[in-house]
Amino acid sequence: MMQTFKNKTVYQIYPKSFFDTTGNGIGDIQGIKAKLPYLQTLGVDILWLTPIYVSPQRDNGYDIADYKQIDPLFGTMADFEALLNDVNARGMQLIMDMVVNHTSTDHAWFQDALAKGPESPYYDFYIWRDSVNGAAPTNWQSKFGGSAWEYVPHLQQYYLHLFDVTQADLNWENPKLRAAIYEMMRFWMEKGIAGFRLDVVNLLSKDQAFPNDTLATPMADGRKFYTDGPRIHEHLQEMHTEVFAHYPDAFTVGEMSSTTIEHCQRYTNPDNHELLMTFNFHHLKVDYPNGEKWAIAPFDFQQLKKLFYDWQLGMQAGNGWNALFWCNHDQPRAISRFGDDQKYPYESATMLALAIHGMQGTPYIYQGEELGMTNAYYTSIDQYRDVEALNAYQNLQQKGYTSEEALAILQVKSRDNSRTPMQWNTTKNAGFTSGTPWIPVIANYETINAETVLQQPQSIFSFYQQLLQLRKQSQAISEGSFQAVVADHPTVYGYIRATPTEKLVVLCNFYGQESDVILPDFEIGEVIVNNYVEFEHTRQACKLQPYQAVLIRVNEAV
């Protein structure tokens, strides 16, 4: 297994919105290749591409119709191979997004099953069930709304789709399906990619009894019967044996839906031979009142801190490894969510950056995060593209919300907030395309864009550069232990990163007011990272300005 990943940083590219070289309004592979010098300047090590396979794009490529072909929307296989060669030549690596929980219903496997029913060799690649008392087999709910089962009249059966109706779940109980998946993954590894980000990979194993859930809460939608399911560790160990064991430096990260610390310890403990690291999303639900995503509420800071502490300490205790992130293609922009993108854009963006990049794990930057890109704040439903957001807009109005109220919720919670075009410069469409972008560019691109930011001596971008270099230079940051500090502070998140020879403290003020902090057990030494010019402190106490974040060297108090 790869041992050099702990000092690396990953940059997530959403190709559709990164850079368009053809003028059709959609980002492409050549666009990524053209911007490699920019990514090299930032200092990232690994590029993660969200899906670029053939797809009807019902769920922006997470509905794969052909695992081994590049979607013409993005370019050709030759384009991809040229990109991969250029990435590697520049000393970076590339990982691909891989979806093996489901395929598009346009996939040849599903189409054959649909046409031939049980006579098809691919019928058992999917999950089919008879109706129960004239209704769906279970009351499980799709994560995109409605039933997780779709009836096929001519087969007189239902198929399972935990996501969109066009995303049919694969049957991981079938060894032939598993063999086909592993063969496909080796196909990409042989091309020279570094590994995979595995989409919702902890949902592969379903409880084969398929029980009903209570539906008593938004979380009681059936997920407990397929999340971290009965054979999931067996499947991932087999995947490792069949694929990753043949590539000793393989980089593997699993996206884990509604998971637990205990399972993620097992997924990432090197002795188990499953994955290098896992994403969990619990910290990104602290602004979900009563577990409800589609509602507006301030984030619960104490809950956020507790989740960070629990996961950092828990994964450390279990010899596991975290993927560290605020943003991705499924989340609104962190600066708009946990910071102040109007009054304190630089301060809150850099504070959030240090909070994550100082922790134990591998940091992930989502495109535009290093520029301080914000939520879209679209003013019309016509500007939205995401199937989940469009469904939510209708569902909210059915629940009695006005269209204005529903739109206000989408402005805060929609995934489209992170899918807007990358803001490169001040020209039309932020320099993303010469055509009409597939989704509107955010209006603030004239002030928030790469060209402008790169000309600023002190910028969010340069702060990220500093953090990436620090991870390479400091063993305390890349591999040191984690310990909570000032855990009960009402506005500050603090922790210690340490090796036997170095002790560092990170303090992050999550609010727009000054905060006083006392470190009774330590003497404050050298200031290594600071998003303000000044840092007001005495021997054991300090004052943090609004959204101030510092990383300081400390000595034990005498």
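The values are calculated or read from the model by the stated rules, or taken from the named source; none is laboratory data. Everything numeric in this text was worked out from a predicted model, so none of it was measured. A quick note on method: Cβ atoms are made from the backbone with ideal geometry, for glycine too, and the neighbour counts reach across all protein chains shown.
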### Query
For region 492-523, which residues satisfy the criterion of being assigned to a loop (DSSP other than H, G, I, E, B) and surrounded by 17 or more Cβ atoms within 10 Å (Cβ to Cβ)?
Phe510, Tyr511, Leu519
### Query
Here are Asn88, Asn60: which of them is part of a helix (DSSP H, G or I), in the same structural domain as Ser205 (by TED's automatic domain parsing) and of a type in the set (S, T, N, Q)?
Asn88
### Query
Which residues, taken from region 156-170, are touching an Asp or Glu at 6+ places or on another chain (Cβ under 7 Å) and either without any contact (Cβ under 8 Å) to a residue 60 or more places away in the chain or not in a strand (DSSP E or B) (or both)?
Gln157, Tyr158, Tyr159, Leu160, His161, Leu162, Phe163, Asp164, Val165, Thr166
## Note on the structure
The condition of being under 23 Å from the mean Cα position of the chain (by Cα) and farther than 28 Å from Ala549 by Cα holds, among Trp438, Trp424, only for Trp438
### Task
Using the structure shown, decide if Thr433 is under 22 Å from the mean Cα position of the chain (by Cα), under 23 Å from Arg58 (Cβ atoms), of a type in the set (Val, Ile, Thr) and assigned to a loop (DSSP other than H, G, I, E, B).
no
### Message
Suppose the filter is surrounded by fewer than 21 Cβ atoms within 10 Å (Cβ to Cβ) and closer than 21 Å to Glu242 by Cα; does Ala89 pass it?
### Response
no
### Summary
Considering region 368-388, residues that are part of a helix (DSSP H, G or I) and surrounded by fewer than 21 Cβ atoms within 10 Å (Cβ to Cβ), and then whichever is nearest to the chain's Cα centre (by Cα), we arrive at Val387
### Query
Among the residues of region 188-211, which ones are surrounded by 14 or more Cβ atoms within 10 Å (Cβ to Cβ), outside any helix (DSSP H, G or I) and of a type in the set (S, T, N, Q)?
Ser205
### Task
Specify the residue that is surrounded by the fewest Cβ atoms within 10 Å (Cβ to Cβ); the eligible residues are those in region 425-467 that are hydrophobic (A, V, I, L, M, F, W, C) and more than 30 Å from Lys6 (Cβ to Cβ).
Ala443
